[in-house]
């Protein structure tokens, strides 16, 4: 996969922390930041799915009342 250069400005302490953490993990600063972004993107997806599941649990009775239960899926609504 092709790489794209991304330039960001951060506080010096943030840059120092990134360098230290990358060194501790044995990766480049670029790789360390790339991993953070990938992890964050994955967490957002999981957070969305978890929130959607919680929503459906909370409102299951409302949906069943409005649209019918699974037992009635084969019947036509009028």
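Of the listed peptides 26-38, 1-13, what is their order by residue-averaged count of other C-beta atoms within 10 Å, with the highest listed first?
Result, highest mean first: 26-38, 1-13.
Could you list, bin by bin from short to long, the percent of Cα-Cα pairs of the stretch 12-71 in 10 Å steps?
Pair shares across the bins are 20, 26, 18, 15, 11, 10, 0.
Laboratory data are not the source of any read-out in this text; all were calculated from the coordinates shown. Given the structure is predicted, the values throughout are model-derived calculations rather than measurements. Cβ sites come from the backbone with ideal geometry, for glycine too, and all protein chains shown count toward neighbours.
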